[in-house]
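Engineer: Shown below is the structure under consideration.
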Amino acid sequence: MISFSDKTILKTIGIIGIGKIIFLFVFIHQVFLWEAHYIALGLLADGEFYLISDGIKNYTEQFPVFAYLVFQCYKLFGVSPYPVIVLNILISSFTGYFLYRVLQYFFDECNFPEKIRKYKSPITQLSLLLFLFHPLINYYTLYNVHPFALDLFLLILPLYLMSRWFEKPGSLNFVVYSLVLGLTILNRATLIVAIVPFFILLWRRYNLWKSIRLCSVIMFISFFVVLPWLIRNYQKDHIIGLISGTEKLLWKGSLAEADGSNYLLNGKNCYELFTVEEQRIMKSLPVREQDAFFMKKYSEIVKDKPAQLMKLYLRKLNNFWLFRKQIGNEYSEKVQKFIPLYKVIYLIILFLCTFLFVIFPKKLFPLLSVPIALSLLHSVFYVETRHRVLIEPILIFGAIISIFFLLELVKVKFFLKKGELVTHLF
């Protein structure tokens, strides 16, 4: 049964979503196209999932879920980005509702002092509104044929299904959670971090070995979701994995000349480090041999410069939580003008969230384990700002709780000065 409060939340999300659709058709005249667009064109043309990349026809470079959704949009409505953007808006709207429910669950799970618990509704509602109007989330949702909106949805949805299982443990909820987690991994493998809070909460309720057993069952069920794609990739490009190019990402993230991203510190592509002959050879190799080519380059750095790898890992970790030197170089000049303001606001949010985590580490750790785990995993490969934007709704939630907590501290000090009896905040 949906309560009146939830009905109001749904109406709010719906109205804002409709407003975004109107804004799309009235004000947005340029949409940026990413890999999924070109894969969808290939599917329309000859029914094959592939991307022309590094000079070859690569069947396995991209995850499949979003590209197939784009393909279905083009098949139904013609080759236009606008139906895809409408789909992004719908996905983002559903994300908003599930995020709201997830934040409510974790707020209760944290078991804050009563002086904070009484603010549950305004905190979760304000967190939702800031998500719905988050400028970078809306930029990727409204201006790009990009899987970002789906990535965020498939990060939040397993957390919601996890909360449903803890509220009503049962086989059906367990299997649904496992299958959706499999879809999440198929959509983007790094989002496997959605299982981390599940494991932590299991451990708190039961014991380590039961937690390991249940999570093993979850991964076993999830494996059957990704198995057909694994088989297909081996048949097409003779690789074992969800995508090819992992070795390339490892190599990019290990370059001293780069900032842990796709770009060198001078703003040029990492391929500038290759000689003309090396680029020619690399672009003439089939997929599996290209992977071996980049793995050889990466292995040479591992062997000859292990200290450099650790230094770069820490730099990428820093770039995830803060900012890389080339931030915004893939955006338009108009977007780049807002980056200084974004930096200031984000730093305030990060400071407030960190402050709260220092005060209540055990209470907040299950929820904050998602951004922590994602940062540790992404820093193995390479880091772009959009990777962190995925977890900013969680950081905003923590920052808002911190603000209400600080307001209560101010109130306590005020009453103490007046000599009135107050209950200690902690």
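The values are calculated or read from the model by the stated rules, or taken from the named source; none is laboratory data. Quick caveat, the model's predicted, so the values are computed rather than measured. Here Cβ is always computed from backbone atoms with ideal geometry, including for glycine, and neighbour counts include all displayed protein chains.
Engineer: Within the stretch 85-134, restricting attention to residues that are over 19 Å from the mean Cα position of the chain (by Cα) and among the β-branched types (V, I, T), which residue is nearest to F357 (Cα to Cα)?
Structural biologist: Among those residues, the one meeting the criterion is I116.
Engineer: So in the stretch 19-55, with the set limited to residues that are surrounded by 18 or more Cβ atoms within 10 Å (Cβ to Cβ) and acidic (D, E), which one is nearest to N138 (Cα to Cα)?
Structural biologist: Within the stretch 19-55, the match that is nearest to N138 (Cα to Cα) is E35.
Engineer: So which residues in the stretch 114-128 are surrounded by fewer than 15 Cβ atoms within 10 Å (Cβ to Cβ) and of a type outside the set (S, T, N, Q)?
Structural biologist: Keep residues of the stretch 114-128 that are surrounded by fewer than 15 Cβ atoms within 10 Å (Cβ to Cβ), which gives 114, 117-118, 121-122.
If the condition is that a residue be surrounded by fewer than 15 Cβ atoms within 10 Å (Cβ to Cβ) and of a type outside the set (S, T, N, Q), then E114, R117, K118, P122 are the ones that fit.
Engineer: Given the options L43, L51, name the one that is aliphatic (A, V, I, L, M) and modelled with pLDDT of 95 or more. Write out each step before concluding.
Structural biologist: Numbers: L51 fails: modelled with pLDDT of 95 or more.
Among L43, L51, only L43 is aliphatic (A, V, I, L, M) and modelled with pLDDT of 95 or more.
Engineer: Do any residues in the stretch 1-18 that are over 15 Å from N138 (Cα atoms) have Cβ atoms under 7 Å from those of residues that are at pLDDT 90 or above and aromatic (F, W, Y), where the two are at least six apart or on different chains, and which pairs are they?
Structural biologist: I9/Y97; I9/Y100; L10/Y97
Engineer: I'd like to check something: does the stretch 224-237 contain any residue that is among the acidic types (D, E), in contact with a strand residue (DSSP E or B) (Cβ under 9 Å, 6 or more places away or on another chain) and either surrounded by fewer than 18 Cβ atoms within 10 Å (Cβ to Cβ) or modelled with pLDDT of 90 or more (or both)?
Structural biologist: yes
This table checks each residue for (1) of a type in the set (V, I, T); (2) more than 25 Å from R388 (Cβ to Cβ); (3) in contact with a helix residue (DSSP H, G or I) (Cβ under 6 Å, 6 or more places away or on another chain).
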residue	(1), (2), (3)
L186	no, no, yes
W203	no, yes, yes
F220	no, yes, no
I243	yes, no, no
L249	no, no, no
S254	no, no, yes
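Engineer: Would you check if G42 is in contact with a helix residue (DSSP H, G or I) (Cβ under 6 Å, 6 or more places away or on another chain) and either basic (K, R) or not in a loop (DSSP other than H, G, I, E, B) (or both)? Show your work before the answer.
Structural biologist: On the way: in contact with a helix residue (DSSP H, G or I) (Cβ under 6 Å, 6 or more places away or on another chain): no; either basic (K, R) or not in a loop (DSSP other than H, G, I, E, B) (or both): yes.
It is false that G42 is in contact with a helix residue (DSSP H, G or I) (Cβ under 6 Å, 6 or more places away or on another chain) and either basic (K, R) or not in a loop (DSSP other than H, G, I, E, B) (or both).
Engineer: Out of A45, A67, A36, I need the residue that is free of Cβ contacts under 8 Å to residues at least 12 places away in the same chain and hydrophobic (A, V, I, L, M, F, W, C). Which one?
Structural biologist: Result of the check over A45, A67, A36: A45.
Engineer: Within the stretch 244-339, considering only helices (runs of 4 or more DSSP H) that don't extend past its boundaries, which have at least 1 residues that are touching a strand residue (DSSP E or B) at 6+ places or on another chain (Cβ under 7 Å)?
Structural biologist: Once the helices (runs of 4 or more DSSP H) in the stretch 244-339 are filtered for at least 1 residues that are touching a strand residue (DSSP E or B) at 6+ places or on another chain (Cβ under 7 Å), what remains is 246-252, 287-304.
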